[in-house]
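Data first, discussion second: the structure below is written as structure tokens.
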Amino acid sequence: MRSIVRKLSPLTPPHRRFPLSFFLSAPNSCSILSSLLPCPLPPPAVSSAANHILSLLRHFASQPSPSSTLSLAYIRGGCYDAEVAHRPPFSLPFCPGCGVHMQDSDPSLPGFFSTPSTKSPDYHAPIYPLPLSSTSDPETSIFIKSGHLQELSEATGGPLPGDSSAEDSKPLVCARCHSLRHYGRVKDSSAENLLPDFDFDCMIAPKIASPSGPRSIVLFVVDATDFDGSFPRKVSRLLSTSIDHNALAWKESKSANIPRIILVVTKLDLLPSSVSQEMLNEWTRRRANILGAVKLAGLHLVSAVRDWGVRNLVEQVAEFAGPRGNVWAVGAQNAGKSTLINAMGRCVGRKMTQLTEAPVPGTTLGIVRVEGVLCGHAKLFDTPGILHPYQITTRLTREEQKLIHISKELKPRTYRIKAGHSIHIGGLMRLDVEESSADSIYLTVWASPLLPLHMGKKENSHKMIEDHFGRQLQPPIGEHRITELGELVRTEFRVTGDSWDDSSTDIAAAGLGWIAVCLKGETLLGVWTYDGINVVSRSSLIARKAKIFEEAGFTVSNIVSKADSIFSKEKQNKSGKKKSVLR
Ligand SMILES: Nc1nc2c(ncn2[C@@H]2O[C@H](COP(=O)(O)OP(=O)(O)OP(=O)(O)O)[C@@H](O)[C@H]2O)c(=O)[nH]1
Ligand SMILES: [Mg+2]
């Protein structure tokens, strides 16, 4: 028999140790110690700061484990409070990736963390098979099976967990952040659903609108591919009121903090490169005005993943914040706030902890104070995304969200369509051309390329729902999901245009995409989607059409061909059964 000898971390480390650097740099440095109470500490020569921590450790040795009593509401906190000293000394630290309170008692709940197992410095070394002596006891075999050879690693002088300084310098994030960063998903979303919604009105609104205290600079982060759906209208209304109110107080020579709004339209790289900056600038100003953001102190068009426009933004933010201002990044879930702040950090080139960014709505759970981007006492905060229930994403499962997520530059899909015909966008939206003064009009779909489309006669649309929703037309995935999404309701739009070259109007569905209408004349459109999903008409963001038009019927897509082959197999099976019955 042969055994594989490798220096692996023991299953239960003899000492649970955290790097000292972590204690000293964590926002709530002393608190983590309470989670380590059962562990004997080694007697290293440490600084006076560390001695202080050790004395705290002794003090809390008799306290109950705080995490065992954590409520879900408490877990969803955030390190917005700069006065660390006012927090209970036994609270666990915040995850620097998502702002959730860390806890070590329930692996299924957000915020769970465990001490990372430490790799041996020579873990890259080749694995040498060694013969096992014939007298080896059964205990050794069990160790080999479970992949842990504790005795061997210790016997060969392997380091104890916590000793690798290179590993230790990485800040510790919660298991959820680890999973989002490395696998792009949350392991246990059911536990997450139990968390209360982040209370923007209570946690952030009073701070950004307060007439006293440091100046507030609010970054409205809006997704260019879902401008209307992701625009933070509620915050916009709140700030407009407080700007008016505080400006009045200012005129009366009272001290008043007038919040400054900087509109940041991000994910610019996802719009076609043919769209000009000037045109987009103009369009954004007009649209923001209509949506209620009338008092903008700045407007920036950026791509956080490509670092476009981030330097100008950082400069303006630093100028407005001065030495003491508070800067808040706010916006809808998934708008790109955390990615934007990470890009700002890259731009200034100082060391900062990476925020967790992921295409999962609700990635950031608490307020995170980001160090290292602004100078002096100015503070920068990432905040949890605001839930917009009128965005279609909020109704979809993770698998369905993947189908509508836009991750590459948008490509147009154009139809030439007559009155009495309809276009389906997956099983989520349908547009009927009910009347038209022209013989035919052009409709261009701007949405995820994974979404299957169908164009056909309006009179067949009910049959489409029965036969194809959840199958060829996804999302929803599976017929059973149709009823779960709610009732389909109709909104009417009358659209006029004066050019056969450029689209004049967009019909935009929040969280999904938009259909651009191009015609010379007038048309009446009936748009169907699930009750509560916001559908608006606006002036066209992108005027151009595709060079080659789509045909009637289904668009060619993997989803459609897969559903087709399942359908034909089912049909074959049925006819096979019928024949055998007849015989
Ligand atoms: N292509 C592109 N993708 C972006 C950009 N900014 C963000 N994203 C992507 O958008 C998704 C959401 O980004 P996050 O930064 O996590 O969004 P968020 O607003 O912090 O989301 P919550 O924390 O859920 O509120 C991620 O998949 C990002 O990679 C961008 O400029 N370009
Ligand atoms: Mg975030």
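Rule-based calculations on the coordinates, nothing more; no lab input. Just so it is clear, the model here is predicted, and its values are computed rather than measured. Neighbour counts are summed over all protein chains in view; Cβ atoms, including those assigned to glycine, are modelled from backbone coordinates with ideal geometry.
Observations on the model:
- Antiparallel content of DSSP bridges confined to segment 169-312, in %, to 5: 10
- Cα Rg, Dmax, segment 200-388, angstrom units: 15.6, 49
- Peptides 281-294, 299-312 ranked from most to least packed, by the mean per-residue count of other Cβ atoms within 10 Å: 299-312, 281-294.
- Net charge of Cβ neighbours under 12 Å - reference MET352; Lys, Arg +1; Asp, Glu -1: +2
- Cβ crowding within 10 Å averaged over residues, with 431-441, 446-456, 193-203, 215-225 ranked highest first: 215-225, 446-456, 431-441, 193-203
- Compactness of segment 490-537 as Cα Rg over 2.2 N^0.38 Å, two decimals: 1.17
- Taking ASP501, ASP564 and counting other C-beta atoms within 10 Å, the order from fewest to most: ASP501, ASP564
- Sorted by Cβ density within 10 Å, fewest first, the residues ILE548, ILE425, ILE542: ILE548, ILE542, ILE425
- Sorting the segments 377-383, 522-528 by their mean number of nearby beta carbons within 10 angstrom, highest to lowest, gives 377-383, 522-528.
- All aspartates and glutamates inside 14 Å of LYS295 as judged from Cα atoms, apart from same-chain residues fewer than 8 positions distant: ASP244
- Electrostatic bookkeeping for THR523 treats Lys and Arg as +1 and Asp and Glu as -1; over the other residues with beta carbon under 12 Å from its beta carbon, the sum is -3.
- Chain lengthening between GLU282 and LEU387 when straightened (0.36 nm per residue, less Cα-Cα): 35.0 nm
- Distance violations [Cα-Cα > 30 Å] among LYS411/LYS520; LYS251/LYS337; LYS520/LYS547: LYS251/LYS337
- Summed side-chain charge close to LYS337 - residues other than LYS337 whose Cβ falls under 11 Å, Lys, Arg +1, Asp, Glu -1: -3
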